[in-house]
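First the structure, in the form of structure tokens, and then the observations on it.
The values are calculated or read from the model by the stated rules, or taken from the named source; none is laboratory data. Predicted, not measured: the structure shown is a model, and the values here were computed from it. Neighbour counts are summed over all protein chains in view; Cβ atoms, including those assigned to glycine, are modelled from backbone coordinates with ideal geometry. To get the accessible areas, we keep the full protein, side chains included, count just its heavy atoms, and leave off ligands, DNA and RNA. Shrake-Rupley method; radii C 1.70, N 1.55, O 1.52, S 1.80 Å.
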Amino acid sequence: MSAISTPRTSPVSAPRTYRVKSFGCQMNVYDGQRMEELLAHQGIAPAPEGEQADLVVLNTCHIREKAAEKVYSDIGRIIKDARREDGTQPLIAVAGCVAQAEGEEIMARAPAVTMVVGPQAYHRLPEMIARAVDGERVTDTDMPADAKFAALPKRRSVGPTAFLTVQEGCDKFCTYCVVPYTRGAEISRPYADLIAEAHRLVEAGAKEITLLGQNVNAWGGENGKGQKVGLDGLIRDLAAIDGLARIRYTTSHPNDMSDGLIAAHGEVDKLMPFLHLPVQSGSNAILKAMNRSHTAESYLRLLERVREVRPDIALSGDFIVGFPGESEEHFAETIALIDAVGYAQAFSFKYSPRPGTPAATMDDQIPGEVMDDRLQRLQAALNRDQHAFNQASLGRTCDVLIERKGKLPGQWLGKSPWLQSVHFQGDYGVGDILRAELVQAGPNSLTGRVIAQNA
Ligand code: SAM
Ligand code: SF4
């Protein structure tokens, strides 16, 4: 452990309760869950609702400026809320990608922060906590990821849907993106570890597993027979696990969409008909400036091939508006791509210059009001298509996996195979799989009429 330690003035006692607050992507949610398990393994309990925790972990996101700035305002609020009569304060750990990118700055700007821990080092939190209790301020932003997963405790209890990180990091270096700097180079977790972890998740209650990675479809490994396999090979082998009903994966890169993975969408029943494939822009000039290795045409061709093997596939994407140099004509090409695809859902963002990335210093940065206007028009097109997709689902019969109780008495919420939220009334439970007809569509969710239980 190459931690840098600096003395801190007010020592605290060993924490008995924790709270982990995760921001950003699903990989952060997964990391947050793993940190919670790690802390619970150390005998530290989750802080009861409404009570101060002895240890607060802010698991941060650095992808856009707003997300990073939020860390400092959160630290200020935690300190204000947590002043205790005996003068002690909670231990505050800043984890995640802001920790990785701005660790030194955080330590300098926020004296109340006791630990800074990068996304590849959080398995060492217990040692860091011990040092923090001894009065040190500790930073650990070491990068290699391989040791982390082996060092984490085994997962014993999960809900009906679970995340499983299979791949981390990125070698693509899109010119706007911090991920290659904060998460490091692409690594794939070993095949055997993933199969074993998936078995444990199913034994612990998971019926659906979502495979995660910054570029999840870049995953590669060697299967039990010594053969090289890609994500499709892993998915096929996971599909053989009894009790596992559904498999999903996210986020994919268009360049790593292999023939085998496309074929798997037509052949593996447990692989859900949903594909999140970010495109970012419909303009080839902007895609080139972004260092995306696909064109609008190659992207559309990929989607066509997936639709050929799985005609009902629900498509999702990511978009950035206002990348430096984006003209009204470039933007119109993005709208044309959206019109051509008909997304079931999508994420869209205003370009946010990130320090240290090539795009941050490019000429022709786009004014905020132009970005606002384009984002509004883009989201109008995406909302229209999401609504159309939901409307087109009416009358379909499908399985819905119940994930949680709804807000109304007797209401339950689950997901359709196409990742739509579906709600029901009735006497059911979390983890039930219901055969249902989709009978009503709102802007963000559908109503289901149950035909049979645990189909
Ligand atoms: N690896 C995935 C891919 O390339 O398709 C995306 C992972 S990234 C964590 C999630 C999304 O954040 C990106 O697809 C992009 O739309 C958005 N994003 C990344 N950097 C951004 C920036 N500087 N400004 C605005 N959005 C950004
Ligand atoms: Fe970021 Fe591009 Fe890597 Fe996705 S592929 S994580 S957008 S650098």
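What's the FRET efficiency of ALA130 with ASP242 using the Cβ-Cβ distance as r and R₀ = 41 Å, to the nearest 0.05?
So the FRET efficiency works out to roughly 0.50.
What accessible area per residue comes out for the stretch 234-290, rounded to a whole number of Å², with a 1.4 Å probe?
30
For all pairs of alpha-carbon atoms in the stretch 20-90, what percent lies in each bin of width 10 Å, listed from the first bin to the last filled one?
For the stretch 20-90, the binned pair fractions read 18, 44, 33, 5 percent.
Which whole-number percent is the relative contact order of the chain (Cα, under 8 Å, 6+ apart)? Present the calculation step by step, with values, prior to reporting the outcome.
On the way: 929 pairs, mean separation 45.4, N = 455.
The normalised contact order for the chain reaches 10 percent.
Projected onto the charge dipole of the chain (+1 at Lys/Arg Cβ, -1 at Asp/Glu Cβ, origin at the Cα centre), which of LEU211, THR397, GLY103 gives the Cα projection farthest towards the positive end?
THR397
DSSP beta bridges in the chain, what fraction antiparallel, as a percent rounded to 5?
40
In square angstrom, what is the accessible area per residue of the stretch 101-165 with a 1.4 angstrom probe?
Accessible area per residue, the stretch 101-165: 39 Å².
Using Cα atoms only, what is the angle between the long axis of helix 96-109 and the major principal axis of the chain, expressed in degrees (0 to 90) to the nearest 10?
The two axes meet at around 30 degrees.
Could you give the length gained by full extension between SER157 and SER298, i.e. 0.36 nm per residue of separation minus their alpha carbon distance, to one decimal place?
That pair, SER157 and SER298, stretches by 46.5 nm at full extension.
Across the chain, what fraction of all alpha-carbon pairs, as a whole percent, falls in each successive 20 Å bin from zero upward?
Pairs per bin, as whole percents: 23, 55, 22, 0.
Sketch the reach of a paramagnetic label on PHE149 as a point 7 Å from Cα along Cα-to-Cβ, and name the residues of the stretch 161-175 whose backbone nitrogen lies under 20 Å away.
What the label zone holds, given the 20 Å backbone N cut-off, is 161-172.
Rounded to the nearest 0.05, what FRET efficiency do SER13 and ALA340 have when you use their Cβ-Cβ distance and R0 = 51 Å?
After rounding, the FRET efficiency stands at 0.25.
Express the accessible area of the stretch 326-455 per residue in Å², computed with a 1.4 Å probe while the remaining protein chains stay in the model.
50
Once the Cα gyration tensor of the stretch 53-212 is diagonalised, what are the square roots of 5 times its eigenvalues, in whole Å and ordered largest first, as equivalent ellipsoid semi-axes?
Semi-axis lengths for the stretch 53-212 are 29, 21, 15 Å.
Could you pull out every Cys in the chain that lacks a partner Cys with its beta carbon under 4.7 Å away?
Within the chain, the cysteines lacking a partner Cβ under 4.7 Å are CYS25, CYS61, CYS97, CYS170, CYS398.
Report ³J(HN,Hα) in whole Hz for each residue of the stretch 419-434, in order, from the Karplus equation J = 6.51 cos²θ - 1.76 cosθ + 1.60 where θ = phi - 60°; Gly and Pro get x.
6, 8, 6, 10, 10, 9, 10, x, 9, 10, x, 4, x, 5, 10, 10
Can you work out the base-10 log of I(q)/I(0) for the stretch 315-365 at q = 0.20, 0.24, 0.32 1/Å, using the Debye formula on its C-alpha atoms alone?
For the stretch 315-365 at q = 0.20, 0.24, 0.32 Å⁻¹, log10 I(q)/I(0) is -0.76, -0.94, -1.21.
Just to be sure I understand the curve: with the Debye formula and one point per C-alpha of the stretch 279-431, what is log10 I(q)/I(0) at q = 0.10, 0.11, 0.19 Å⁻¹?
Results for the stretch 279-431 at q = 0.10, 0.11, 0.19 Å⁻¹ read -0.47, -0.56, -1.11.
Beyond a 31 Å Cα-Cα separation, which of these cross-linked pairs lie in this structure: LYS148/LYS225; LYS80/LYS154; LYS270/LYS405; LYS148/LYS405; LYS66/LYS154?
Over 31 Å apart, Cα to Cα: LYS80/LYS154; LYS148/LYS405; LYS66/LYS154.
Which lysines, if any, have their Cα less than 24 Å from the Cα of LYS288, not counting same-chain residues under 8 positions apart?
Those lysines meeting the cut-off are LYS172, LYS350.
In degrees, nearest 10, range 0 to 90: what is the angle between the Cα axis of helix 65-81 and the longest Cα principal axis of the chain?
40
Extending each Cα 7 Å along its Cβ direction at ALA45 and ASP312, get the distance between those two points in nm, one decimal.
In this crude label model, ALA45 to ASP312 measures out at 4.6 nm.
At 10 °C and a viscosity of 1.306 mPa s, what translational diffusion coefficient does Stokes-Einstein give for the stretch 344-455, taking Rh as the Kirkwood radius over Cα pairs? Give it in µm²/s as a whole number.
97
Take the solvent-accessible surface of the protein heavy atoms, probe 1.4 Å, and return the percent of it on the stretch 242-362 that carbon and sulfur atoms account for.
On the way: 2290 of 4400 Å².
Using a 1.4 Å probe with all protein chains present, the stretch 242-362 comes out at 52 percent carbon and sulfur.
Residue-wise, which Karplus ³J(HN,Hα) couplings in Hz belong to the stretch 438-443, taking 6.51 cos²θ - 1.76 cosθ + 1.60, θ = phi - 60°, and x for glycine or proline?
7, 10, 8, 10, x, x
Please find the FRET efficiency linking GLU329 to SER258, where r is the Cβ-Cβ separation and R0 is fixed at 51 Å, and quote it to the nearest 0.05.
0.95
How big is the shadow of the Cα convex hull of the stretch 246-330, averaged over all directions, in nm²?
Over all viewing directions, the stretch 246-330 projects a mean Cα-hull area of 5.6 nm².
How much length is gained on full extension from ARG377 to ARG305, taking 0.36 nm per residue of separation minus their Cα-Cα distance?
Value of the extension gain: 23.1 nm.
Rule-of-thumb check for the stretch 377-424: C-alpha Rg over 2.2 N^0.38 Å?
My calculation over the Cα atoms of the stretch 377-424 gives 1.34.
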